[in-house]
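See structure below.
The values are calculated or read from the model by the stated rules, or taken from the named source; none is laboratory data. None of the values given here were measured: they were computed from a predicted structure. We place every Cβ from the backbone using ideal geometry, glycine too, and count neighbours over all the protein chains shown. Heavy atoms of the whole protein, side chains included, go into the accessibility calculation; ligands, DNA and RNA do not. Shrake-Rupley method; radii C 1.70, N 1.55, O 1.52, S 1.80 Å.
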Amino acid sequence: MLLAIDIGNTNISCGIFKKSRLIKQFDILTKYRFDTAFSKKFKNTTKISAIIICSVVPAQTGIIFRKLAYLTGKTPYIIGKDLTVPIKNLYHKPGQVGQDRLVNAYAANILYQSPLIVIDSGTAITFDVISKNKEYLGGLIFPGMGISLRSLKENTALLPLVELGNPRALIGKNTRDSILSGIVFGTAELCGGLIQRIKRDIGKTPLVIGTGGDICRIKKYCKTNIKVDKDLTLKGICLIYENKIKESIRP
């Protein structure tokens with residue numbers, strides 16, 4: 001069985017795959033440092049044959065690497081260090097692209113028909129664009145809804161911290177509802193507008209794939225159709241492992 005680990009700024013997503021099928025998935029808050037929470041989730045690790053880590057939090061990577069090695073007796077692979085995402089990367093400086101973005105693009109390339117837009121809505125919201133020739137063209141990055149809500153609280157004198165939720169109506173009748181409406185509807189409209197701009201820019205009609213913790217809320221209020229695949233990154237990690245195995249046995 002394969003243990004796939006996606007270390008994000010807010011959550012660490014874990015997936016166990018058996019013959020390419022995701023049989024168990026759970027998240028742990030990144031700030032918990034993966035210790036007690038992870039140990040409780042994995043009382044029996046003897047069936048894990050390989051571990052692959054995709055991380056955008058360098059400070060956590062080493063900690064988790066050592067913890068996993070200790071618990072399982074296996075040496076984890078790290079994407080970007082031990083494994084390369086097999087996709088043509090057209091960034092001017094390819095090393096600047098987050099490994100999670102490349103993993104998402106690769107997974108979408110394998111699982112869906114290009115051209116593609118992949119939206120990952122988490123701490124940040126990223127757009128990644130894949131050409132009809134399955135090339136990674138680049139993308140966009142902007143603050144996620146949680147960051148936007150916290151920023152209003154931290155950078156204004158009177159606005160409160162509002163918990164993310166679904167707005168009651170477009171036009172808010174109190175401060176809380178006005179903030180929620182602005183953030184949620186505003187983000188959905190932003191995403192919809194960017195999708196249309198990208199379509200015009202690449203001259204094609206791409207399929208839009210959405211993933212990440214807040215993607216269902218964006219889909220709910222976005223006028224453009226988004227196909228949600230919440231486990232896209234974990235699936236991509238599994239596909240990269242399968243590609244590694246194929247490469248190792250190729251004559």
Restricting the search to region 169-184, which residues are open to solvent by 50 Å² or more (accessible area, probe 1.4 Å) and either within 15 Å of residue 125 (Cα to Cα) or not in a loop (DSSP other than H, G, I, E, B) (or both)? 175, 176, 178
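Please verify whether residue 210 is outside any helix (DSSP H, G or I) and open to solvent by less than 70 Å² (accessible area, probe 1.4 Å), treating the condition exactly as stated.
Details: outside any helix (DSSP H, G or I): yes; open to solvent by less than 70 Å² (accessible area, probe 1.4 Å): yes.
The answer is yes for residue 210.
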Pairs under 8 Å by beta carbon, first residue over 22 Å from residue 4 (Cα atoms) in region 79-98, partner open to solvent by less than 80 Å² (accessible area, probe 1.4 Å) and not in a loop (DSSP other than H, G, I, E, B), six or more apart or different chains? 88/136; 89/102; 89/136; 90/136; 90/137; 90/138; 91/136; 91/138
Would it be correct to say that residue 195 is in a helix (DSSP H, G or I) and either buried (at least 16 other Cβ atoms within 10 Å of the Cβ) or in contact with a Ser or Thr (Cβ under 8 Å, 6 or more places away or on another chain) (or both)? yes
Could you please give the count of residues in region 152-168 that are open to solvent by 50 Å² or more (accessible area, probe 1.4 Å) and closer than 12 Å to residue 221 by Cβ? 1
Tell me, yes or no, whether region 221-229 has at least one residue that is open to solvent by 70 Å² or more (accessible area, probe 1.4 Å), among the charged types (D, E, K, R) and under 30 Å from residue 14 (Cα atoms). yes
I'd like to check something: does region 82-91 contain any residue that is modelled with pLDDT of 90 or more, open to solvent by 80 Å² or more (accessible area, probe 1.4 Å) and under 18 Å from the mean Cα position of the chain (by Cα)? yes
Answer yes or no as to whether residue 134 is surrounded by 15 or more Cβ atoms within 10 Å (Cβ to Cβ), free of Cβ contacts under 8 Å to residues at least 24 places away in the same chain and touching a Ser or Thr at 6+ places or on another chain (Cβ under 8 Å). no
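Out of curiosity, is residue 204 surrounded by fewer than 19 Cβ atoms within 10 Å (Cβ to Cβ), on the phi < 0 side of the Ramachandran plot, over 16 Å from the mean Cα position of the chain (by Cα) and in contact (Cβ under 8 Å) with a residue 40 or more places away in the chain? Step through it out loud before you land on a result.
Values: surrounded by fewer than 19 Cβ atoms within 10 Å (Cβ to Cβ): yes; on the phi < 0 side of the Ramachandran plot: yes; over 16 Å from the mean Cα position of the chain (by Cα): yes; in contact (Cβ under 8 Å) with a residue 40 or more places away in the chain: yes.
Judged against the criteria, residue 204 is a match.
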